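Down below is the structure, laid out as structure tokens.
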Amino acid sequence: MKTAEIVKEFSTYFQEYKAATNHPEPTWMSIASADKSGRPSTRIVLLKDFDERGFVFYTNFTSRKGQQLQDNPFAALTFYWPELSRQVRIEGAVEKVSDEEADAYFASRARKSQIGAWASKQSQDIEHKLDFEKRVAKYALKYAVGKVPRPPFWGGFRVIPELIEFWVNKEFRLHDRTVFTRQEGDDWAVRKIYP
Ligand SMILES: Cc1cc2nc3c(=O)[nH]c(=O)nc-3n(C[C@H](O)[C@H](O)[C@H](O)COP(=O)(O)O)c2cc1C
């Protein structure tokens, strides 16, 4: 199999899920990262882009996950699409998306979200009760007119898939699991595994 065929399969089911669900954030996925010693942590983020190069989400680089992904540049994603009785798991190395790509996505966001990105020291302690509100007000004033630039500490990570598993629910827990593993370059091996 080639990367394009597997990404197409992901895309087909992803579109079907988005059409079928009432979920307010249908592009949600969990992402696991690990610290330098290998201890994992997970959280939900939104998938913003995907293609043959990988699966992209945006975040604050100084956040807990941001630090971990820079210290230990590997991640695991999980999607669960209950309306389709499907789960997809993706694992691989991560890289930062280009500045141009991050700028373009940042520019597409709502202005208040852009201000929020500047104001949030994501994952750090809030020392005093109103510090966050004050920072939001400060950046709203600073960027009251004109374009809000992308903060240098904010951008995208791309998970470059090395393993993709499609899991399909079947009766009596006799689920169907297909695992694609990247071989050389653009070639993937495919196998079925027990549920
Ligand atoms: C539905 C949903 C979508 C989210 N999307 C994002 C996102 O795209 N980027 C992000 O940094 N955090 C997002 N969050 C917040 C994260 O789950 C998490 O709280 C935050 O990124 C801090 O995680 P960290 O301390 O492990 O770095 C989202 C949360 C939810 C529930």
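The values are calculated or read from the model by the stated rules, or taken from the named source; none is laboratory data. None of the values given here were measured: they were computed from a predicted structure. Ideal geometry is used to build each Cβ from the backbone, glycine not excepted, and the neighbour counts take in all protein chains shown. Surface accessibility is based on the protein's heavy atoms, side chains included, excluding ligands, DNA and RNA. Shrake-Rupley method; radii C 1.70, N 1.55, O 1.52, S 1.80 Å.
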Worksheet item: Between GLU25 and GLU184, what length in nm is gained on full extension when 0.36 nm per residue of separation is reduced by their alpha carbon distance?
Response: 53.7 nm
Response to the item:
Spelling it out for LYS121: with amide H atoms placed in the peptide plane at 1.01 Å from N, the residues 5 or more places away or on another chain with amide H under 5 Å from its amide H are none
Worksheet item: Among TRP167, ILE44, GLN114, whose Cα sits farthest toward the positive end of the charge dipole of the chain (+1 at Cβ of Lys/Arg, -1 at Cβ of Asp/Glu, about the Cα centre)?
Response: GLN114
Worksheet item: 222 nm [θ] for the chain, helices only, -39500 (n - 2.57) per DSSP H run of 4+, per residue, to 500?
Response: -9000 deg cm²/dmol
Worksheet item: Each residue of segment 63-76 in order: what ³J(HN,Hα) in whole Hz does its phi give by Karplus 6.51 cos²θ - 1.76 cosθ + 1.60, θ = phi - 60°, with x for Gly and Pro?
Response: 5, 4, 5, x, 4, 4, 6, 7, 6, 9, x, 9, 9, 10
Response to the item:
Expected vector for segment 105-118, Karplus 3J(HN,Hα) from phi with 6.51, -1.76, 1.60 and θ = phi - 60°, integer Hz, x for Gly and Pro, equals 5, 4, 5, 7, 7, 4, 4, 5, 5, 5, 5, x, 4, 5
Worksheet entry | Most mobile listed residue (ASP131, ASP103, ASP49) in the chain, GNM with C-alpha springs under 10 Å | ASP131
Fill in: Accessible surface, per residue, of segment 61-172 when the full set of protein chains is kept, probe 1.4 Å, Å²
58
Fill in: Kirkwood-Stokes translational diffusion coefficient of the chain, alpha-carbon pairs, 20 °C, 1.002 mPa s, µm²/s
116
Fill in: the chain: relative contact order as a whole-number percent, Cα under 8 Å and 6+ apart
23
Worksheet item: Straight-line reach from LYS147: which aspartates and glutamates have Cα under 18 Å away, leaving out those fewer than 8 places along the same chain?
Response: ASP99, GLU100, GLU101, ASP103
Fill in: Amide H contacts under 5 Å for VAL97, placed H, 5+ residues apart
GLY156, PHE157, ARG158
Item to complete: Would you work out what percent of the accessible area of segment 4-148, with all protein chains in place, is carbon or sulfur (probe 1.4 Å)?
Response: 51
Worksheet item: Taking 0.36 nm per residue of separation and subtracting the Cα-Cα distance, what length does fully extending SER98 through ASP51 add?
Response: 15.4 nm
Worksheet item: So which of LYS18/LYS48; LYS48/LYS138; LYS65/LYS138; LYS65/LYS129 end up more than 20 Å apart by C-alpha?
Response: LYS48/LYS138; LYS65/LYS138; LYS65/LYS129
Worksheet item: Which whole-Hz couplings ³J(HN,Hα) result when phi for each residue of segment 146-157 is put into the Karplus expression 6.51 cos²θ - 1.76 cosθ + 1.60, θ = phi - 60°, listed in order with x for Gly and Pro?
Response: x, 6, 8, x, 6, x, x, 9, 10, x, x, 10
